[in-house]
Amino acid sequence: MKTVIRDSFDVAPDTYWDAIFFNPEFQKRMYIEALASDSVDVSELKAAPSGERTRQLVFTQKLDAPSAIRKLVGETTTMEERGTFDPVTKRWRFAMIPDRMADKIQIRGEMWVEPAAGGAIERVCSLDLSVSIFGIGSMVEKFMSSATVESYAKQTRFTREFIAEKRLT
């Protein structure tokens with residue numbers, strides 16, 4: 001299932017990537033404060049001389065899901081994000097790996113920013129969600145898509161608050 005999410009922010013593209021997206025303080029606060037994660041660990045954040053950046057991030061949170069899904073994966077979930085930023089295309093490509101059923105649940109995506117009016121940007125996130133579980137795969141995909149849209153709405157609110165708090169432009 002393909003899901004595309006678009007949000008706008010009043011910052012320049014480089015500010016978004018450097019002061020927000022790759023900022024460990026921002027990431028930790030966003031997962032704890034906005035997404036109610038129990039824990040978050042930016043386990044790897046590397047920048048190559050070429051400008052390529054990689055990040056591994058692990059978070060745990062309670063799962064607010066239908067009972068059929070909770071029966072499969074439990075009351076909490078731990079996800080690992082592995083991603084790479086290409087400095088030429090200015091795109092972040094990532095995979096989210098769940099701690100359970102990783103062989104049946106695939107989450108891959110790509111994120112980039114586009115210019116918007118008044119020097120702002122529009123963040124675009126394109127996700128591919130695939131669940132291979134007989135009988136309930138499509139239900140799980142629909143839940144994951146809906147939960148992702150809800151999560152991004154919370155992230156967007158927090159990002160705007162962070163931009164105002166840090167007076168980023």
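Just so it is clear, none of the values below were taken in a lab; they were calculated from the coordinates. Note that the structure is predicted; figures quoted are calculated from it, not measured. Positions of Cβ are backbone-derived with ideal geometry, glycine not excepted, and every protein chain shown enters the neighbour counts.
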- Give the Debye-formula value of log10 I(q)/I(0) at each listed q (0.09, 0.17 Å⁻¹), with one equal scatterer per alpha carbon of the chain, two decimals each. -0.31, -1.12
- Message: Can you compute the charge dipole magnitude of the chain about its Cα centre, using +1 on each Lys and Arg Cβ and -1 on each Asp and Glu Cβ, nothing else charged? Give it in debye, rounded to the nearest 20.
- Response: 220
- Ranked on Cβ counts within 10 Å of their own Cβ, fewest leading, 22, 134, 9 go 134, 22, 9
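Test of understanding: ordering 41, 64 by Cβ neighbours within 10 Å, fewest first, what list do you get? Mind dumping the intermediate values first?
On the way: 41 15, 64 12.
Result, fewest neighbours first: 64, 41.
Rounded to the nearest 0.05, what FRET efficiency is calculated for residue 43 and residue 114 with R0 set to 30 Å and r the Cβ-Cβ distance?
Details: r = 30 Å, r/R0 = 0.99.
Calculated value: 0.50.
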- Lys pairs, the chain - Cα-Cα below 19 angstrom, 8 or more residues apart or on other chains: 15
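What value, in deg cm²/dmol to 500, does the helix sum -39500 (n - 2.57) over DSSP H runs of n ≥ 4 give at 222 nm once divided by the residues of the chain?
Calculated mean residue ellipticity at 222 nm is -8000 deg cm²/dmol.
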- Message: If you fit an axis through the alpha-carbon atoms of helix 137-166 and take the longest principal axis of the Cα set of the chain, what angle between them do you get, 0 to 90°, nearest 10?
- Response: 30
